[in-house]
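First comes the structure, then the notes that go with it.
The values are calculated or read from the model by the stated rules, or taken from the named source; none is laboratory data. Note that this is a predicted model, so its numbers are computed, not measured. Glycine also receives a Cβ, built like all others from the backbone with ideal geometry; neighbour counts cover every protein chain displayed.
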């Protein structure tokens with residue numbers, strides 16, 4: 001009998017000791033520390049706005065009391081777009097700084113470099129700033145990772161469906177960046193065309209470290225295609241527009257979302273870009289369409305107050321959209337914020353009121369469907385800015 | 001056949017870009033026997049300076065001239081302050097020094113102007129011109145033309161002016177040149193100044209095509225080296241011919257030999273460097289140097 | 001000889017003790033950083049043999065690291081080999097390529113060799129991308145993760161072995177021949193040393209070291225892509241070698257520390273301009289202290305002697 005009582009007492013003591021909650025790294029009663037990496041220098045430095053926009057939004061939220069009284073600190077580190085540096089920076093953020101989660105890191109290879117480590121360490125990798133479908137698709141292997149923007153392969157499919165409907169006799173030429181990013185766009189296009197894959201008469205890849213792509217464009221023109229898909233990045237997209245124009249080639253041009261930022265499109269002469277198509281999921285701060293929109297007014301006021309001196313553009317808006325979703329997720333995760341609760345929240349999203357994405361887009365996730373934004377609209381470049389047309393389209397991978 | 005002629009024409013246009021930077025590389029080599037790995041970055045920096053002048057309302061040709069002058073002065077200063085002290089030291093020291101300059105100048109450009117891509121105007125029209133079935137723009141012709149004109153001016157300078165003669169003498173035989181009164185030190189500085197100015201020209205020709213950003217010349221540098229090596233490192237004419245030839249050859253290879261598309265162009269450029277250095281190190285236009293024991 | 005031995009032991013033993021006990025005093029993340037110093041050290045050992053001892057410049061040693069790194073990664077990812085066993089294989093493969101490269105490299109001197117190796121380093125990632133069914137292309141290869149302390153001990157055990165091995169090789173007549181070649185090739189040839197043999201051998205040895213360092217890069221990062229070994233790596237190796245002191249094996253530690261920590265500290269000083277500082281340091285060292293850290297030490301030592 002005495003032994004039994006002693007055993008029960010011991011057991012109770014042991015379970016009481018074990019029941020003491022282990023502190024969640026990066027979370028205190030009044031703060032949450034979030035980490036991320038972004039190219040502040042190097043070839044992709046133009047995209048730095050993604051982090052800065054998010055940072056501004058967090059400051060805005062903090063000024064209103066934060067999330068359940070916790071203020072969000074967003075520590076983002078420059079990785080120069082190099083996966084090696086991303087890897088080290090994230091190791092440091094997790095092991096040294098003890099961040100709660102990694103958020104909004106930019107770059108496909110960059111996120112792939114840190115995914116294994118983060119999943120092994122049980123650190124959430126939230127709202128990856130890359131459209132590679134692997135970040136949503138491989139959830140079984142990497143349960144702590146979730147993407148955000150529409151995937152590149154879904155984007156390719158949207159274009160395919162549009163062409164099949166509106167230009168069934170198209171002869172398609174494709175210029176693509178010769179890496180995962182470009183190749184996924186191409187495979188999405190091919191998958192979307194299905195049996196009509198043969199509509200693609202020529203595709204040419206280019207080296208992302210090259211200086212110009214005119215030779216590739218000339219080769220594509222020689223195929224006599226009447227649709228020209230530009231699956232490129234930054235300045236190469238501009239060069240492709242200009243080269244096509246200079247060669248006297250006037251196909252229907254389709255340019256991928258990432259290369260379609262208004263600030264970039266405006267670098268090409270209007271004659272070269274008029275009529276080009278793309279998709280979009282966010283509200284464009286550089287165009288006239290959303291000037292009076294409440295969401296964009298919020299965007300501008302947040303930028304003015306918390307990111308003074310910086311020029312807002314599409315990247316900042318995209319970052320702010322992701323930040324909005326993160327705040328939403330943190331709220332859903334509840335007062336008792338743990339890494340597990342935030343992942344549960346992130347995989348059960350049903351966000352209808354993100355002010356920075358197109359009206360009607362619902363940011364939805366389930367544990368098996370980890371593609372938060374999977375709706376887009378088509379837009380056409382007309383007289384110096386993007387004009388939306390058509391309904392909301394599905395961009396499910 | 002249409003595509004062939006188009007690729008040749010596009011190749012000449014790209015080749016013009018390689019040639020213009022190759023010229024700068026060759027001038028430095030010719031005057032101090034050194035390869036300046038930072039040549040591309042210096043050209044980019046100068047182009048950004050030009051952009052700043054244009055942005056402040058100065059019109060094109062005055063901005064162009066001002067940039068050239070500053071680039072020239074910068075090159076001279078660089079040689080006197082940074083390269084002079086390591087004259088005569090082992091090759092490796094100088095190579096490492098220019099690599100340090102590469103890192104430094106690239107960093108400075110990023111720091112001052114940031115990483116965003118900018119437009120840069122061209123003095124030439126970008127209207128397409130059709131010759132038969134091939135199309136190119138006046139701008140492409142302009143780039144090639146400027147390279148050819150630079151080479152012609154340089155050749156005249158080296159052959160027919162006292163200064164040019166002094167430069168050549170100082171490069172070939174410093175000791176004896178000093179004996180006949182050539183200010184060898186200033187000749188070397190002049191060479192670097194000229195090269196910096198040529199680099200600035202190259203940058204301002206190239207930026208309208210590839211758009212101005214701090215890493216603009218990195219895609220060109222290897223091809224510029226290949227062009228310089230192909231032409232014979234000490235020959236300005238060789239640099240231009242080498243550049244144009246390289247542009248055409250790489251384009252044709254890329255179009256007709258599927259292995260050489262996309263990223264493999266770089267391997268093509270490397271192949272040229274290796275082939276020339278191993279088979280005929282003096283390139284197409286160089287002369288064999290005799291090493292005295 | 002025994003005096004030198006004593007001198008070197010005087011450095012080596014305390015050094016080894018520091019290395020062995022360091023992880024107990026530093027955080028896990030710092031252990032990872034020091035592990036990286038370790039593999040840069042291995043790469044620099046090799047580069048110093050090539051440049052400091054046989055007088056050949058290589059601006060492309062990152063490519064040999066890439067060969068080693070990818071050999072290791074392919075064996076682990078595609079053939080399920082255990083990481084540690086891939087390391088010597090990576091070294092051998094890279095070393096073999098180095099020997100093969102060394103032969104035509106004989107025809108290239110100084111600047112020409114610098115140019116050729118620069119070209120190799122720039123073009124190499126493209127080759128990796130091209131053979132993507134082999135190398136995983138731009139998606140890269142994912143490998144097993146290891147704890148930081150384990151990586152630290154692995155790297156430094158190998159570094160220590162590499163240092164001892166290198167020192168032994170250089171203490172033999174092979175080392176003497178290398179030094180003779182470096183000081184005056186013409187004189188060396190006339191005393192019967194075959195430059196072809198030794199120069200090629202030097203390439204092979206240095207590539208072997210670089211390959212091993214590359215394998216360690218792959219294993220510690222648990223992921224390789226064509227961008228893991230960019231041209232900037234090759235350039236930084238040369239920087240590290242120069243700052244440490246060309247030809248100085250202990251100087252390689254200084255160089256390795258510089259490569260690993262300078263970018264971090266430079267960005268503390270100025271968020272936007274770490275490169276400016278790195279470049280300025282490099283230019284400054286070349287101008288003022290071309291012998292690097294080892295040269296500085298020699299200066300100090302010689303100024304102490306009567």
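General remarks:
- Check on residue C:99, farther than 22 Å from residue C:135 by Cα, surrounded by fewer than 24 Cβ atoms within 10 Å (Cβ to Cβ) and at pLDDT below 95: yes
- Selection from region C:102-133 of residues that are farther than 18 Å from residue B:94 by Cα and more than 7 Å from chain B (Cβ to nearest Cβ): C:102, C:103, C:105, C:106, C:121, C:124, C:125, C:128, C:131, C:132, C:133
- For region B:223-239, the criterion of being at pLDDT 85 or above, in a helix (DSSP H, G or I) and either surrounded by fewer than 24 Cβ atoms within 10 Å (Cβ to Cβ) or touching a strand residue (DSSP E or B) at 6+ places or on another chain (Cβ under 6 Å) (or both) is met by at least one residue.
- Residue count for region B:5-54, restricted to those that are in contact with a strand residue (DSSP E or B) (Cβ under 9 Å, 6 or more places away or on another chain) and at pLDDT below 95: 8
- Top-ranked residue in region A:234-244 [being more than 21 Å from residue A:383 (Cβ to Cβ) and under 21 Å from the mean Cα position of the chain (by Cα); ranked as modelled with the highest pLDDT]: A:236
- Consider region A:338-357 and keep the residues that are in contact (Cβ under 8 Å) with a residue 40 or more places away in the chain and surrounded by fewer than 21 Cβ atoms within 10 Å (Cβ to Cβ). The one that is nearest to residue A:293 (Cα to Cα) is A:355.
- Filtered residue count, region C:262-276, keeping only those that are in a helix (DSSP H, G or I) and either under 24 Å from residue C:54 (Cα atoms) or more than 8 Å from chain B (Cβ to nearest Cβ) (or both): 8
- Apart from one condition, residue C:177 fits all of (1) over 19 Å from residue C:38 (Cβ atoms); (2) within 14 Å of chain B (Cβ to nearest Cβ); (3) buried (at least 20 other Cβ atoms within 10 Å of the Cβ); the exception is (2).
- Close pairs (6 angstrom Cβ cut-off, 6 or more residues apart or separate chains): facing another protein chain (nearest Cβ under 7 Å) in region B:83-103, not in a helix (DSSP H, G or I) anywhere: B:92/C:57; B:93/C:290; B:99/B:37; B:101/B:38
- Residue in region A:299-307 that is under 15 Å from residue A:353 (Cα atoms) and in contact with a helix residue (DSSP H, G or I) (Cβ under 7 Å, 6 or more places away or on another chain) present: yes
- Those helices (runs of 4 or more DSSP H) of region A:36-130 in which at least 2 residues are more than 14 Å from every other protein chain (Cβ to nearest Cβ) and crowded, with 21+ Cβ neighbours inside 10 Å, considering only elements entirely within it, cover A:49-63.
- Failed item, numbered, when residue A:213 is tested on (1) more than 23 Å from residue A:326 (Cα to Cα); (2) modelled with pLDDT of 90 or more: (2)
- Test result for residue C:236, over 24 Å from residue B:99 (Cβ atoms) and either surrounded by 23 or more Cβ atoms within 10 Å (Cβ to Cβ) or within 14 Å of chain A (Cβ to nearest Cβ) (or both): no
- Of everything listed in (1) more than 7 Å from every other protein chain (Cβ to nearest Cβ); (2) within 22 Å of the chain's Cα centre (by Cα), the single unmet condition for residue B:133 is (2).
- Residue among C:72, C:138 that is more than 30 Å from residue B:280 (Cα to Cα) and at the interface with another protein chain (Cβ under 9 Å from one of its Cβ atoms): C:138
- Residue ID - nearest to residue B:266 (Cα to Cα), chosen from residues in region A:207-233 that are part of a strand (DSSP E or B) and over 23 Å from the mean Cα position of the chain (by Cα): A:228
- Test: residue in region B:51-58 that is within 14 Å of chain A (Cβ to nearest Cβ), surrounded by fewer than 22 Cβ atoms within 10 Å (Cβ to Cβ) and in contact (Cβ under 8 Å) with a residue 40 or more places away in the chain: yes
- Residue satisfying all of: in region A:245-270; more than 10 Å from every other protein chain (Cβ to nearest Cβ) and more than 22 Å from the chain's Cα centre (by Cα); nearest to residue A:176 (Cα to Cα) among these: A:253
- Test: residue in region C:249-261 that is within 11 Å of another protein chain (Cβ to nearest Cβ) and surrounded by fewer than 24 Cβ atoms within 10 Å (Cβ to Cβ): yes
- Per-region count, region B:185-240, residues more than 14 Å from chain A (Cβ to nearest Cβ) and without any contact (Cβ under 8 Å) to a residue 12 or more places away in the chain: 1
- Matching residues in region A:251-275 - criterion: being at pLDDT 90 or above, touching a helix residue (DSSP H, G or I) at 6+ places or on another chain (Cβ under 8 Å) and not in a helix (DSSP H, G or I): A:251, A:253, A:254, A:255, A:256
- Among the residues making up region C:147-173, a single one is more than 23 Å from residue C:202 (Cα to Cα) and outside any helix (DSSP H, G or I): C:147.
- Within the set A:196, A:165, A:203, A:183, the sole residue that is in a helix (DSSP H, G or I), more than 22 Å from residue A:366 (Cβ to Cβ) and either assigned by TED's automatic domain parsing to the domain that holds residue A:363 or touching a residue at least 24 places away in the same chain (Cβ under 8 Å) (or both) turns out to be A:196.
- Inside region B:126-135, residues that are touching a residue at least 12 places away in the same chain (Cβ under 8 Å) and farther than 18 Å from residue A:238 by Cβ make up a count of 6.
- Taken over region C:19-37, the criterion of being within 14 Å of chain A (Cβ to nearest Cβ) and assigned to a helix (DSSP H, G or I) is satisfied by C:23, C:28, C:29, C:30, C:31, C:32, C:33, C:34, C:35, C:36, C:37.
- Of the criteria (1) more than 23 Å from residue A:125 (Cβ to Cβ); (2) surrounded by fewer than 23 Cβ atoms within 10 Å (Cβ to Cβ); (3) under 19 Å from the mean Cα position of the chain (by Cα), which one residue A:299 fails: (2)
- Verdict on residue B:77 being closer than 22 Å to residue B:111 by Cα, within 14 Å of another protein chain (Cβ to nearest Cβ) and over 11 Å from the mean Cα position of the chain (by Cα): yes
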